[in-house]
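Here is the structure we will look at, set down as structure tokens.
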Amino acid sequence: MKQWRSDKIEVRLVLTVGLGLLLFALVAGLFSYAYFHRHQLDEAESLQRQLVQTVRAQAEVAAFASNQEIARGVLEGLLANPAILAVRIEAGEGFRAELGSRQQVDFSAGREFALFSPVDHLERIGTLRVVQDDAHVRGVVIRAALFQTLLMLAQMGVAALIMALVLRALLVKPLVQLADSMKQMAPGSPARLDVTQTGATEEIRLLASSANTMLDAAQAALDEVQAQRGELVAKNEELLRLSSTDPLTGAFNRLKLDQVLEYELNRSQRYGSMFSLVLLDVDLFKSVNDCHGHAIGDRVLVETAGLLGAGIREVDIFGRWGGEEFLIICPDTPLEGAMALAEKLRALVAAHYFEVVGRKTCSFGVSAYRSGDNIPLILGRADGALYRSKAKGRNRVETLG
């Protein structure tokens with residue numbers, strides 16, 4: 001996958017550079033060809049003038065002396081140049097000498113050069129007319145212009161190739177490595193951007209370093225937020241526990257018991273299920289506070305809550321109802337099951353020895369849900385049963401149904 005991604009980026013680089021170069025080469029080639037073509041035409045014309053200049057003195061002598069032999073030597077010298085098609089020397093008194101590589105040549109299309117007297121170089125005595133082989137000149141010019149254009153494009157291609165190789169070493173490979181490092185980074189991951197490619201530019205190294213610094217700062221902030229979130233969750237859990245727990249005994253408080261009662265009542269009304277209540281009271285608890293003080297009384301409540309909490313079933317909900325009263329909610333339990341549980345708990349408390357105060361007992365009142373009941377009704381029956389238990393001598397389990 002890494003190799004494929006690297007190749008893909010390199011292909012994009014080659015295509016981008018190649019297409020850019022092709023477009024530039026087309027434009028540059030057109031302008032270059034036009035320039036080189038014009039330049040070669042100017043060069044051909046300049047060479048023709050230089051060639052004429054070298055034989056001009058001899059041509060002036062031939063015209064001045066009306067000497068065919070000298071004139072022929074001049075014409076042969078000029079015609080030796082393949083770019084010249086024909087030449088003619090004309091002078092006063094009807095002198096003419098001409099020479100051409102073809103039978104019929106239109107001398108009127110040729111270029112005319114003035115010939116002056118070799119004596120004073122002021123008096124014009126004739127003309128030297130040179131007819132250029134335009135087809136030959138054009139061929140030479142086009143070939144030269146094409147060669148120079150192709151040479152320039154080849155140089156540009158080599159430069160582009162070198163540029164692509166440099167970009168591949170300085171940008172593509174480091175960027176691929178940078179992308180691979182980023183792929184490995186997940187939330188909370190210690191992975192960081194790594195650029196170890198030889199030749200990677202300082203800018204890319206600086207980019208990776210800056211990004212790593214930002215990632216470290218973000219990770220530190222995330223860690224702090226997570227720590228604060230953990231503290232907040234713990235505090236919320238503690239607040240929830242405190243809001244539903246009696247601070248003295250550690251059992252559920254009245255608020256939590258009310259919520260469970262409401263839930264069980266709604267469930268029984270909706271699904272026809274059964275639940276029962278066990279309401280109990282520590283017998284003669286006021287005498288404990290009066291004789292031994294509230295600290296001992298609190299200890300008795302704590303020990304009693306511990307005994308009751310250890311004696312109930314896992315499904316039962318147990319809490320402090322108020323003062324020395326405790327309430328046990330028994331889901332999916334009929335009256336008989338709740339009576340049996342209450343008797344078990346009564347015996348458990350009666351058999352326990354409390355420090356300082358010795359033996360203590362509890363009285364129990366049990367009630368079960370009936371169709372059409374509400375919370376005050378079912379609690380009222382449990383409370384009435386509790387009072388019956390106390391009226392019959394305490395340390396008993398009673399029910400009103």
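Just so you know, all these numbers are worked out from the coordinates, no wet-lab data involved. Quick caveat, the model's predicted, so the values are computed rather than measured. Every residue, glycine as well, gets a Cβ built from its backbone with ideal geometry; the counts of neighbours run over all protein chains shown.
What the table shows:
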| read-out | value |
| --- | --- |
| Efficiency of FRET from Cβ geometry, ARG72 and SER117, R₀ 22 Å, rounded to 0.05 | 0.60 |
| Beta bridges by DSSP in the stretch 283-401, antiparallel share as percent, to the nearest 5 | 70 |
| Sequence-distant aspartates and glutamates (8 or more away, or on other chains) whose Cα lies within less than 18 Å of LYS344 | ASP281, ASP283, GLU303, GLU314, ASP316, GLU325, GLU336, GLU398 |
| Residues with amide H under 5 Å from that of PHE354, placed H, sequence gap 5 or more | ARG359, LYS360 |
| Violating pairs (Cα-Cα greater than 19 angstrom) within the set LYS286/LYS360; LYS360/LYS392; LYS256/LYS390 | LYS256/LYS390 |
| Backbone HN-Hα couplings from phi across the stretch 258-270 [Karplus 6.51/-1.76/1.60, Hz, Gly and Pro as x] | 4, 5, 5, 4, 4, 5, 5, 5, 4, 5, 5, 5, 7 |
| Label-point separation, ASP223 to GLN259 (7 Å along Cα→Cβ), nm | 3.6 |
| Inter-part distance where the stretch 60-136 and the stretch 317-368 are each reduced to a Cα centre, Å | 145 |
| Sequence of THR304, THR249 once ranked by neighbouring C-beta atoms within 10 Å, starting from the fewest | THR249, THR304 |
